[in-house]
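Visitor: Please see the structure below; I have some questions.
The values are calculated or read from the model by the stated rules, or taken from the named source; none is laboratory data. Predicted, not measured: the structure shown is a model, and the values here were computed from it. No Cβ is skipped: glycine too gets one built from the backbone with ideal geometry, and neighbour counts run over all protein chains shown. Each accessible area value is taken on the protein alone, full model and side chains, heavy atoms only, with ligands, DNA and RNA left out. Shrake-Rupley method; radii C 1.70, N 1.55, O 1.52, S 1.80 Å.
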Amino acid sequence: MYKTPLARRMALSALGAALAMPAAEAAFLEDSKATLKMRNFYINQDTRNQSAPRAEEWGQGFILDYQSGFTEGPVGFGLDLTGQYAVRLDAGGREGKAGSTREPGSVFPLESNGKARRDFSRLGATAKMRYSKTVAQVGTLMPKLPVVNYGDGRLLPQMFQGAQVTSKEIKNLTLIAGKIEHSTERNSSNSDGLSIAGAGGPDEGRASNKLYYAGADYKVTDDLLLQYYYGNLRDFYTQHFVGLVHNWALPVGSLQTDLRYFESNSDGENSHSSGRADGYVGSGYWGAGSSHKGEVDSHLWSGQFTYSLAGHELSAGYQKVNGNSDHPYINQGNGSSPYLLTNAQLGKFVNEGESTWVASYAYDFAKAGLPGLKAGVTYYSGDSIDAAGNDHKEWERDFRLDYAVQSGLFKGVGFTWRSAMARGNDTRDRDENRLIVNYSIPLL
């Protein structure tokens, strides 16, 4: 487990400064917000073509978030706090033998005897400073950026520890730069180092505490956004990202274009361990073997077009992974979400050489007089995967149904059902269902 003494000291200093503020600096408290978020989460997984048992877990999560305002004056100071707790309600009658911390189906951390813990918790603190339209943060971070994107697919979200500066001094231009040192995974109370799949990971000492990133979002017009980001996971890889999002209002309906390109290359000694290990294709774990083991060398490009009309949304996209390795992203397989069109419920479709077609349809039933009800289905088909010199294929079908209560005593309660089926000629054939209930209570 890694420590973050600098972030902790700065957060405590900010808290001490806040407590010592004169009454005139009341903006710190007046602009504060506090929310209690509750999530009830059930998941079952059925692996069809292996001896792995059916995995089933159910739990309740609580997240108390506090966000302060900034003190008055040219330079303002603030503090954000989060307290998170999850309790196990059931683990399929097998005392939580529903996977391990290495597998994406695990909701709770495991004890040394292989049984799931009954509960786990963690705390986070972020000291922040504002000058003009620039904000600096140190401590707990949850960035959603092309080169570092936290995952929130279980009871508690993934959290990172580090520092970030966000500047909006220039109209229509957002500049971001930061450094991530550690990650707290979605089913853990501990902070671990950063790694990629196939490199052994923090448990084997192959980890880094230096992810540097920087980028810019430029809004050329109200309908056109251009993006560039750079990331460097020291001793693993460097990564460049270029993106374009354009919205076009048509005489009937609207069309969105989403284009993305990643270029990833080796950096340092640990990148030479990034060849594939035993696992399953398309899930964030490396497949059966690569013809060019040893280095990160990936060039991924994708494009998606989405047509919207009267509550209907129809999308079609394509993604291609070129180069001699799979596409890398940090803490692969442990809960991070890659910024990809193929970030599916089970698979990620990031294998060496893989070509993936994506098609989806969604409908907002508010247009039919049922506000709060939404449904959608997505199909992914990947082929041309380079694994041990053979051509491998995989596909996945995801279905999602959401409903949010619109009025009455339970207004704001959200229900979600997510169902996925994944198949392939060199993968785990897996079915998965998730039932989720979300509810937030504003406290301040």
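Visitor: Might you let me know whether the range 348-365 holds any residue that is touching a residue at least 40 places away in the same chain (Cβ under 8 Å), part of a loop (DSSP other than H, G, I, E, B), of a type in the set (Gly, Ala, Ser) and closer than 18 Å to ARG434 by Cβ?
Guide: The answer is no, given that none of the residues of the range 348-365 is touching a residue at least 40 places away in the same chain (Cβ under 8 Å), part of a loop (DSSP other than H, G, I, E, B), of a type in the set (Gly, Ala, Ser) and closer than 18 Å to ARG434 by Cβ.
Visitor: State all residues of the range 158-171 that are surrounded by fewer than 21 Cβ atoms within 10 Å (Cβ to Cβ) and in a loop (DSSP other than H, G, I, E, B); if no residue qualifies, say none.
Guide: Correct list: LYS168, GLU169, ILE170, LYS171.
Visitor: Please work out which one of (1) surrounded by fewer than 21 Cβ atoms within 10 Å (Cβ to Cβ); (2) modelled with pLDDT of 95 or more; (3) assigned to a loop (DSSP other than H, G, I, E, B) is the condition SER337 fails and give its number.
Guide: (2)
Visitor: Take the conditions buried (at least 20 other Cβ atoms within 10 Å of the Cβ) and at pLDDT below 85 and apply them to TYR329. Does it pass?
Guide: Spelling it out, it is not the case that TYR329 is buried (at least 20 other Cβ atoms within 10 Å of the Cβ) and at pLDDT below 85.
Visitor: Taking LEU155 as the residue in question, decide whether it is more than 19 Å from GLN239 (Cβ to Cβ), at pLDDT below 95 and open to solvent by less than 10 Å² (accessible area, probe 1.4 Å).
Guide: yes
Visitor: Starting from residues that are on the phi > 0 side of the Ramachandran plot and surrounded by fewer than 21 Cβ atoms within 10 Å (Cβ to Cβ), keep the ones in the range 172-200 and report whichever is modelled with the highest pLDDT.
Guide: Here the answer is ASN172.
Visitor: Further question: Report whether or not THR134 is out of contact with any Cys (no Cβ under 6 Å at 6 or more places or on another chain), of a type in the set (Ser, Thr, Tyr) and open to solvent by 10 Å² or more (accessible area, probe 1.4 Å).
Guide: In short, yes.
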